[in-house]
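Read-outs: derived from the displayed coordinates by stated rules, not from any lab. Just so we're clear, the structure is a prediction, and the values are computed from it rather than from any experiment. In this analysis, Cβ positions are derived from the backbone assuming ideal geometry, glycine residues included, and neighbour counts consider all displayed protein chains.
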Amino acid sequence: MTAQDVERPAVAKWLVETGALLHGHFHLTSGRHSDTFIQCSQLLQYPPYAASVGEALAERFAGFGITAVVGPAMGGIILAHETARALGVRALYAEKENGEMVFRRGFVLNPGEMCLVVEDAVTTGGSVKKVMAAIERAGGRVAGVGAMVDRSEGQADFGVAFRALVTVKASAWEPAECPLCQAGVPVTYPKAAVS
Ligand SMILES: [Zn+2]
């Protein structure tokens, strides 16, 4: 499998094949109901898929002069590693601390170092923005943001190039307003549902 094989429909297919993307009627941890359930780790648990997704993201940022890929812990760590491997650069991650994302474990950036931020799924983009802030505090520059899945419905705006491999539209409602409940569709409680 090479990067050339990794087109958007292939990534979308893998998300379904690995159970990372489910369609149905779900009760999310937020209490809302949705017709879509995404858990990117289900795909990333398979190294060949993770490697190919990293290659696809790397391809979209070729020529950006990136020398470090940074992901938010936990969701972005594997993706940062695989994207960095494909680019032949370092992989770092930032961790939550007091509501911010910070570099720990002795990670440092060179002054002005060009970084790519990667995230498994972007919804509000909150984690990505905190990683961008961490990079800037560390003296680096953010060249772009890459995501395996964009579920922001076009709302994500980071002020830099943003490229996602798959766009997923996920409707969500309060249970009282859920059309799937009203249609009598049985609801599923997925483990570790996101948002
Ligand atoms: Zn419902």
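Packing, as the average of other Cβ atoms within 10 Å across residues, places the peptides 46-55, 154-163 in the order 46-55, 154-163, highest first. Quick one: compute the contact order of the chain, relative version, from alpha carbon pairs under 8 angstrom and 6+ residues apart, as a percent. Relative CO of the chain lands at 24 percent. Here LYS96 is the anchor, and the aspartates and glutamates within straight C-alpha reach of less than 15 Å, apart from those fewer than 8 places off in the same chain, are GLU119.
When each of ARG32, ARG151 is scored by the number of other beta-carbon atoms lying within 10 Å, the sequence from fewest to most is ARG32, ARG151.
Need one word for the stretch 78-136: rounded, prolate or oblate. Basis is the Cα gyration tensor (sqrt eigenvalues a ≥ b ≥ c); a/c below 1.5 gives rounded, then a/b vs b/c decides. Since a/c reaches 1.5 but b/c is at least a/b, the shape of the stretch 78-136 is classed as oblate. Specify whether the C-alpha gyration tensor of the stretch 33-129 places it in the rounded, prolate or oblate class, a ≥ b ≥ c being the square roots of the eigenvalues: rounded for a/c under 1.5, otherwise prolate if a/b is larger than b/c and oblate if not. It is oblate, given that a/c is not under 1.5 and a/b is not larger than b/c. At 222 nm, what helix-only mean residue ellipticity would the chain give, in deg cm²/dmol to the nearest 500, using -39500 (n - 2.57) for each DSSP H run of four or more? Mean residue ellipticity at 222 nm (helix-derived): -8000 deg cm²/dmol.
Taking the Cα centre of the stretch 6-90 as reference, the dipole from Cβ charges on Lys and Arg (+1) and Asp and Glu (-1) amounts to some 160 debye.
Taking a ≥ b ≥ c as the square roots of the eigenvalues of the Cα gyration tensor, the chain is classed as prolate, since a/c reaches at least 1.5 and a/b is larger than b/c.
Among the DSSP beta bridges whose two residues both lie in the stretch 28-180, what percent are antiparallel, rounded to the nearest 5? In the stretch 28-180, DSSP labels about 20 percent of beta bridges as antiparallel.
For the pair the stretch 124-144 and the stretch 146-193, the centres of their Cα atoms are 23 angstrom apart. Less than 5 angstrom separates the built amide H of THR167 from those of ASP150, all sequence-distant by 5 or more or on a different chain. For the peptides 166-173, 69-76, 116-123, 91-98, residues were scored by their other Cβ atoms within 10 Å and the scores averaged per peptide; the highest-first order is 116-123, 69-76, 91-98, 166-173.
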